[in-house]
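Report on the following structure.
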Amino acid sequence: MKSPIAMITNPNDHQLNKPELTPLLAPAAVAAVRRFHQSLPQYQPTPLVSLPGLAQKLGVGAIFVKDESHRFGLGAFKGLGASYAMATIIAATVNAAAADLNYAFLTSPAVRQQIQSLVFITATDGNHGKGVAWAAALFGCRAIVLMPRGTKPCRAEAIRAINGTRVEITDLNYDDAVRRAAQLAAEHGYLLIQDTGFNGYEDIPNAITRGYTTMVGEALEQLGDHGIAKPSHVFLQAGVGSMAGGVLGYLAHYYDHNPPLTTIVEPDTVACIYQSVQQGQGQPVAVGGNPETIMAGLNCGEPNPLTWPILRDFASFYASCPDWVTIRGMQTLAHPVAADPAVVSGESGAVGLGLLLSLCTDPNLATLKQQLQLDRDATILLFSTEGNTDPDGYAAIVGQP
Ligand SMILES: Cc1ncc(COP(=O)(O)O)c(C=O)c1O
C-alpha cells in the first residue's frame, strides 16, 4: 500500500497575530535584487504557465505554474540566489556603492582584477552548486562544490561542465556536507556561499533568500497580466526552507500580513519543517541520519533558522509527502490534460502539483480539501523550481522528454 500524505495546520492565526515582517524582504530590499538580476545579460523572466484544463478537471478556478526550468539556462531557480549573494560579496570586497550592484560594474576590468583570486565554496544537492559555479564563471572567479552521499553522478557532471568547477561527492549527508564546506572555507580562506544559515553565518544565506524573490515578483506581475491581483493559494516545497521563506516573506510584505493561503510541502523522509511545527515549541528541529527521497533538492534535514520564523508565522498548512506524490505531479505536468501546455518539472519541482492533485481527487483528503477551500474560487500558484535535472530519473518517471 502507498504511504499516505500527512498534513497539519498552523495553530497560529497570522491575520489575528500580525507577526513581525522581516526587513530583509521589504519592498526596497527586493527591488534592489530585481534590478541586479535585470542587469544580467542572461536575465529573462521565466514563463508563468496557465493550466485551465487541469483546473477544470480538479474543480478549482485556475492553476498557474511558474516554470523555473528556463532560469538562466541552468534548469532550476537557484541561480537567482547564488548570483545575487555573490554580487553582494564582490561589491563588499571592492567597496562598491549600493548603486553599483549591477553586472556592468561588477564585471568591469578594474573589479575583475581585484576579485580574480576569490574562491567560493558550497555544499549542494546540485541546483545551488550549479548556480554557484555559473555565477563564479560570470564574475571570473573559481568555485568548489561539495555534494552529499548518494548524489547522482550526472548532477556532479553538470556542475563540472561549468568552467571546469571542482566538484567532490562526499560521504556525508547534506547538513554535514555544509559543515565540511564551512570548515574548508575557514582553513583555506575560501568564501562560503551557502543557502542556509547557522550561528554567526547570516548575511550570505539572507542574500540568497532575497535573491529568490525575483521569481515571485515576476509571478505576481504575470498574474496581473491575467487580471489577477492576488492568488488565493500558494504551494511551496522546502528543503531548508530558504526558497519558501523568501517567497512567503515577500508575499507577507506585499499583501500586508495577509499572504495567500500557503502550504509548505516536504518529502516525508526529511520533513524537518513539518516536524518543527508539529513539535509546537516554535523552534526548528532537525531530522538526522541519511534520509532518502527522489526529491534531491528537498533532502535537507535542518531548517534554515533564518527563514524558519517566516514559515512558522505565515504558512497555513504543512504537508509531508511520499515520493509517489511528486512522481504523479511530474507525470501530470509532462502529459497535460485537454489543451494545457506541458511543463518539464523535475523531482523537486512537481511535489506541490502532486499534492494538489491528491487533495482534489482523493476521497480520504476531502476534509482537508474543504479546509483549504480548494473550490471554484481558488486561484492556485505553484513553483516548478526545476526542470529535467536528472535525465535518467526524469525519463524513467515520465518517458523520454
Ligand atoms: C529544485 C529545488 N526546489 C526547491 C528547493 C528547496 O529550496 P530550499 O532548500 O531553500 O528549501 C531546492 C533546493 O535545493 C531545489 O533544488
Say we look at region 81-95 and pick out the residues that are within 18 Å of Ala28 (Cβ to Cβ) and away from the ligand (no atom under 16 Å from the Cβ); which of these is surrounded by the fewest Cβ atoms within 10 Å (Cβ to Cβ)?
-> Ala91
Output the number of residues of region 119-170 satisfying the condition of being surrounded by 19 or more Cβ atoms within 10 Å (Cβ to Cβ) and at positive phi.
-> 1
What number goes with the only condition from (1) surrounded by fewer than 24 Cβ atoms within 10 Å (Cβ to Cβ); (2) assigned to a helix (DSSP H, G or I) that Lys230 does not pass?
-> (2)
Condition check for Gly239: within 13 Å of the ligand (Cβ to nearest atom), closer than 16 Å to Phe77 by Cβ and either assigned to a loop (DSSP other than H, G, I, E, B) or touching a Cys at 6+ places or on another chain (Cβ under 7 Å) (or both) | yes
Those residues of region 345-398 which are within 16 Å of the ligand (Cβ to nearest atom), over 15 Å from Val265 (Cβ atoms) and not β-branched (Val, Ile, Thr), in sequence order = Gly387, Asn388, Asp390, Pro391, Gly393, Tyr394
Residue list for region 275-334, filter: in a helix (DSSP H, G or I), surrounded by fewer than 20 Cβ atoms within 10 Å (Cβ to Cβ) and either in contact with a Cys (Cβ under 8 Å, 6 or more places away or on another chain) or of a type in the set (Ser, Thr, Tyr) (or both) | none
Would you call Thr262 in contact (Cβ under 8 Å) with a residue 40 or more places away in the chain, within 12 Å of the ligand (Cβ to nearest atom) and either in contact with an Asp or Glu (Cβ under 9 Å, 6 or more places away or on another chain) or of a type outside the set (A, V, I, L, M) (or both)?
-> no
Condition test on Val343, is it modelled with pLDDT under 95 and within 19 Å of Thr379 (Cα to Cα)?
-> no
Say whether the condition of being free of Cβ contacts under 8 Å to residues at least 24 places away in the same chain and either surrounded by fewer than 16 Cβ atoms within 10 Å (Cβ to Cβ) or among the polar types (S, T, N, Q) (or both) is met by at least one residue in region 54-74.
-> no
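The values are calculated or read from the model by the stated rules, or taken from the named source; none is laboratory data. Note that this is a predicted model, so its numbers are computed, not measured. In this analysis, Cβ positions are derived from the backbone assuming ideal geometry, glycine residues included, and neighbour counts consider all displayed protein chains.
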